[in-house]
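First up is the structure itself, then whatever we jot down about it.
FYI, it's all coordinate maths here, none of it is from the lab. Everything numeric here is computed off the predicted structure, so don't read it as measured data. Methodologically, a virtual Cβ is constructed for each residue, glycine included, from the backbone with ideal geometry; neighbour enumeration extends over all protein chains shown.
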Amino acid sequence: MLARRMGEPPFEIRSIPASQTVSEFIEYQKNSLVGIIFDPNFWYSHDCWNLWINAVLQDGADEKINVPLGNQHPAWREGLNIPAYQTLSGLERASAFKAETRWMICRETRQENFCLVIVPISVLNMLPKALAIGEVPEYWAKYPQEYRIFCESWLHSFTATKDSGCRHDLLKMCDWRGMVLELGCDTGLMAKTCKEQYPDICWIGVDVNQNALRQAELSADMAVCADIHSLPFSDKIRFDRIVCGDVLEHLPYPWEILKTLHKWLKPDGLLIVSVPNVGHWTIVQDLLCGRWDEVPAGILCVSHLRFGTKKNWEHWFHQSGWQIIRWECEKLPLPQDWTLQHPDYDVESLETIQYRLVAKHESGN
């Protein structure tokens with residue numbers, strides 16, 4: 001809901017069923033130009049909306065799919081000097097840039113789906129008439145045609161980041177074998193990716209989102225709908241690997257779950273975890289400016305209940321009986337104009353967005 005509020009345009013919109021066919025949709029359109037939001041989980045300011053729409057009206061839609069520049073495709077950043085960001089204030093700065101040219105024309109094979117477009121009815125008329133409106137982005141991704149990107153503002157999509165759920169970063173942390181338990185498996189992308197490399201493993205995913213689990217069932221050996229605090233497993237079952245990818249920060253007392261997980265891990269088993277670092281410089285900078293803006297995803301995700309730095313997470317794991325045997329840091333470096341003179345400042349913490357770690361039973365117990 002927060003994402004939808006952040007991305008809403010400054011004018012009235014109406015909802016239609018995703019199952020409505022293209023022909024039915026076109027039948028009710030009175031204008032030759034229409035804007036469609038396929039995925040509402042994005043950030044685009046009112047100023048950005050007005051800039052984009054006015055540009056389309058001034059320059060004409062040019063019989064093309066018109067989309068705003070955004071993070072759906074990493075290559076779109078190249079040469080545009082868009083500042084990196086982790087917070088809402090950073091997003092605001094990123095959206096304020098001005099490219100040298102207003103439009104960029106593209107025609108390429110891509111797998112990303114546009115979350116919103118402005119398109120002439122004539123372009124929609126080229127689609128199969130029985131195609132559902134909800135399937136249009138996937139159709140365009142499969143059969144690409146020329147499209148036009150508006151380059152005078154920046155859109156951030158919270159759901160279109162390519163491969164974000166595959167967790168290649170966590171899969172590189174250790175070898176994979178035997179039985180794997182993934183807490184917070186979502187749609188099962190990590191299970192799918194891992195089983196492509198290690199087809200003999202048995203992957204059990206757990207999540208509370210039933211819609212996501214329907215997709216996870218296609219990749220995992222078992223997809224279980226359960227709360228992480230009441231896992232429905234026998235005390236006799238043991239896993240070789242347990243994964244908590246960006247899960248612990250969503251719990252009020254993560255150390256309690258960490259203590260519980262011991263009984264389901266084999267003596268030589270491994271716990272693989274990723275957690276955000278609230279000590280990143282973008283968060284510190286916002287605090288110095290009096291800001292703490294919750295967003296739908298990221299370090300300040302609205303659903304995070306526990307915030308920590310490396311020292312916090314080290315303490316919580318240690319007091320829960322875990323020995324951390326591997327640390328990795330995902331970094332966004334400090335800006336060049338930052339000058340740090342105090343000897344106690346932790347530069348690594350300031351530059352780290354996320355920590356990834358592997359842990360085992362402390363003392364081998």
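Only one residue of 323, 106, 130 has its Cα farthest out toward the positive end of the dipole of the chain, where Lys and Arg carry +1 and Asp and Glu -1 on Cβ, and that residue is 323. When you filter the GluC sites (Glu not before Pro) in the stretch 11-57 for DSSP loop state and at most 15 other Cβ atoms inside 10 Å of their Cβ, you are left with 12. Counting Lys and Arg as +1 and Asp and Glu as -1 over every other residue whose Cβ lies under 10 Å from the Cβ of residue 22, the net charge comes to -2. The distance linking the stretch 114-186 with the stretch 271-341 is 28 Å (Cα centroid to Cα centroid, whole angstrom). Extension gain for the segment residue 331 to residue 16, taken as residue separation times 0.36 nm less the Cα-Cα distance, is 109.3 nm to one decimal. Pairs with C-alpha atoms separated by more than 25 Å, drawn from the list 266/331; 142/192; 195/331; 259/331; 236/360; 192/311, are 266/331; 195/331; 259/331; 192/311.
Positive contributions from Lys and Arg (+1) and negative ones from Asp and Glu (-1), summed over other residues with Cβ under 13 Å from the Cβ of residue 59, come out at 0. Footprinting exposure proxy ranking of 346, 286, fewest other C-beta atoms within 10 angstrom first, gives 346, 286. If R0 equals 45 Å, the separation of the Cβ atoms of residue 58 and residue 293 corresponds to a calculated FRET efficiency of about 0.90. Any number yet on Rg/Rh for the stretch 184-265, C-alpha, Kirkwood? Looking at the stretch 184-265, the ratio lands at 0.95.
Cβ-to-Cβ counts within 10 Å put 356, 167 in ascending order as 356, 167, the fewest first.
Taking the Cα centre of the chain as origin and assigning +1 to Lys and Arg Cβ atoms and -1 to Asp and Glu Cβ atoms, the resulting dipole is close to 460 debye.
Remark on residue 156: its backbone amide H falls under 5 Å from those of 43, a criterion applied only to residues 5 or more positions apart or on other chains, H modelled at 1.01 Å from N.
Taken over the stretch 168-364, the convex hull of the Cα atoms encloses 130 Å³ per residue.
For the stretch 2-157, a simple Cβ point-charge model (Lys and Arg +1, Asp and Glu -1, everything else neutral) yields a dipole of about 100 debye relative to the Cα centre.
Estimated from the Cβ-Cβ distance and a Förster radius of 56 angstrom, the FRET efficiency linking residue 130 and residue 89 is about 0.75.
Annotation: extensible slack from residue 266 through residue 233 equals 10.5 nm (criterion: 0.36 nm per residue apart, minus Cα-Cα distance). Neighbour counting of Cβ atoms within 10 Å sorts the residues 304, 156, fewest neighbours leading, into 304, 156.
Our analysis of the chain gives Rg over Rh at 1.01, with the two radii drawn from alpha carbon positions and Rh computed by the Kirkwood formula. Summing charges over all other residues whose Cβ lies under 15 Å from the Cβ of residue 257, with Lys and Arg as +1 and Asp and Glu as -1, gives -3.
In sequence order, the stretch 13-19 has phi-based couplings of 10, 10, 9, 10, x, 5, 7 Hz under the Karplus curve 6.51 cos²θ - 1.76 cosθ + 1.60, θ = phi - 60°, and Gly or Pro positions carry x. Per the Debye formula on identical point scatterers at the alpha carbon atoms of the stretch 2-157, with no solvent, log10 I(q)/I(0) at q = 0.08, 0.13, 0.15 Å⁻¹ is -0.22, -0.59, -0.80.
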